[in-house]
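Visitor: Dumping the structure here so I can ask a few things about it.
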Amino acid sequence: MIYYTPPLAQLIDELKKIPGIGRKSAQRIAFYLFKIDKKNALALAEAIVQAREKIVYCSICNNISAVNPCEICSSSDRDGEKICVVEEPFNIYSIEKTGLFHGFYHVLLGNLSPIRGIGPDELRISGLIDRVRLGAFKEVILATSPTTEGSATAHYLTEILRRYKITISRIALGLPVGADLDYADEVTIAKAIEGRLQVT
């Protein structure tokens, strides 16, 4: 049996660690990187290093940004009465592409998953509660994915937020059950936001 030369094998192993990339995809990417000229390969490597070193979590909403607070939290053009709760920073970009939501965000950095050992203390829930308690928000939109974990997270947050005089809504299920928010197209996400339902 012929094995990959160690540097190539190491590259494939590292690429496989990226969510959504299996062994075959990692192999294709590795061979692609080997074929491109050295200048482009080094530019890619430098972009990865720079992103890792310069991007931080926003101290207000937990979005990723090169500035702190992030561009959204620093904006004076956002609707200060609405806050949208999402699981991961990339969910913000999916919603922003619709052009329909102009409020602020709060990123939980995950969802409740007892199987994976992720409870409320592992998520950025306390920051959300502080923002709702101290802010002027009138509506919290729960935009967690319609998976079992996402639904459990939305239910947990609903129970906590009930004590505040605030409207709690959940994005409508224009998204297929079991799907990740990031894989939905803009029209589907737009319909889900437009058709959000108040949580009773």
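Visitor: Can you find a residue in the range 101-121 that is more than 12 Å from the chain's Cα centre (by Cα), among the small types (G, A, S) and over 23 Å from A184 (Cβ atoms)?
Guide: Scanning the range 101-121, I find at least one residue that is more than 12 Å from the chain's Cα centre (by Cα), among the small types (G, A, S) and over 23 Å from A184 (Cβ atoms), so the answer is yes.
Visitor: For the condition under 30 Å from F104 (Cβ atoms) and in a helix (DSSP H, G or I), what is the one hit in A26, A47, A41?
Guide: Being under 30 Å from F104 (Cβ atoms) and in a helix (DSSP H, G or I) holds for just one of A26, A47, A41, which is A47.
Visitor: Given the condition under 14 Å from K82 (Cβ atoms) and either touching a strand residue (DSSP E or B) at 6+ places or on another chain (Cβ under 7 Å) or surrounded by fewer than 16 Cβ atoms within 10 Å (Cβ to Cβ) (or both), answer yes or no: does some residue in the range 180-197 qualify?
Guide: yes
Visitor: Pick from I12, I21, I83, I29: which is assigned by TED's automatic domain parsing to the domain that holds A136, touching a helix residue (DSSP H, G or I) at 6+ places or on another chain (Cβ under 9 Å), surrounded by 13 or more Cβ atoms within 10 Å (Cβ to Cβ) and β-branched (V, I, T)?
Guide: Going through I12, I21, I83, I29 in turn, the sole match is I83.
To keep it simple, each residue is scored yes or no on (1) closer than 28 Å to Y156 by Cβ; (2) without any contact (Cβ under 8 Å) to a residue 24 or more places away in the chain.
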{"site": "V67", "(1), (2)": "no, yes"}
{"site": "D79", "(1), (2)": "yes, no"}
{"site": "K82", "(1), (2)": "yes, no"}
{"site": "S94", "(1), (2)": "yes, no"}
{"site": "F101", "(1), (2)": "yes, no"}
{"site": "P114", "(1), (2)": "yes, yes"}
{"site": "E122", "(1), (2)": "yes, yes"}
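Visitor: Could you say whether any residue in the range 38-50 is closer than 17 Å to P7 by Cα and loosely packed, with under 10 Cβ neighbours inside 10 Å?
Guide: yes
Visitor: Looking at the range 130-172 only, could you name the residues that are exposed (fewer than 15 other Cβ atoms within 10 Å of the Cβ), out of contact with any Asp or Glu (no Cβ under 7 Å at 6 or more places or on another chain) and closer than 20 Å to G80 by Cβ?
Guide: D130, R133, L134, G135, Y164, K165
The values are calculated or read from the model by the stated rules, or taken from the named source; none is laboratory data. This one's a predicted model, so the numbers in the text were calculated from it and none came from an experiment. Cβ: placed from backbone, ideal geometry, glycine included. Neighbour counts: every protein chain shown.
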